[in-house]
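Here the structure comes first, spelled out in structure tokens, and everything after it is commentary.
Laboratory data are not the source of any read-out in this text; all were calculated from the coordinates shown. In this text the structure is predicted, and so the values were computed from the model without any measurement. Reconstructed Cβ throughout: ideal geometry from the backbone, glycine too, with neighbour counts over all protein chains shown.
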Amino acid sequence: MKDEYFAFQLEARRIKARSKVNAGRFGILRPGAYLAETGFKCGHCRVFISAEPLLSGVNNRNHCPYCLWSKHLDLYQAGDRLAACKSLMQPVGLALKRTHKKYGPQAAGELMLVHVCVECNKVSLNRIAADDVVEKVWEIYTASCEAPRPPAWMVESEVTMLDQSAARLVRGQLYGNR
């Protein structure tokens, strides 16, 4: 029994070491991450989510592609995982990440999900991932357009959510130009 336990521990260490080496070599995971960290269970809908960058198209996945809820993980920048709160973050709307292209249109930019922490009201922007359910993103956008006015903490965050006037732009980025 004791020998089986040690053999199991040795094999677990080999797998962990091999996963660190291969992950670093192929650039799949951040340095020091293990394969067990490439997924998580959604705190809202309880579905297991793969955080594999090749599937989602983003390096720091922290929201569910089905319900779009997130977890308050990052404090200063995407991927730092320094937030102490660790509460759920509700998707409340869409915003544009401004680009600094000299000749690009003024309204151009990447479409971002606006999340608000249910505990501390911290507002954060998250990239829409390649595997996010587009209909759910559209549903959140339309619900945010129907809201009467943004709460005080949203105004303080200096994040400008897209309103009904941006419907054509949002539809074009989500569904393509049809």
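Here are a few things to note about the model shown:
- Protection proxy ranking of 66-79, 163-176 - average other beta-carbon atoms within 10 Å, highest first: 66-79, 163-176
- The listed peptides 115-123, 139-147, 86-94, 39-47, ordered by packing as a protection proxy, come out as 86-94, 115-123, 139-147, 39-47 (highest mean of other Cβ atoms within 10 Å first).
- Modelled label positions at Ala84 and Cys45, each set 7 Å beyond Cα in the direction of Cβ, lie 3.3 nm from each other.
- Alpha-carbon Rg/Rh ratio, for segment 34-175, with Rh computed the Kirkwood way: 0.95
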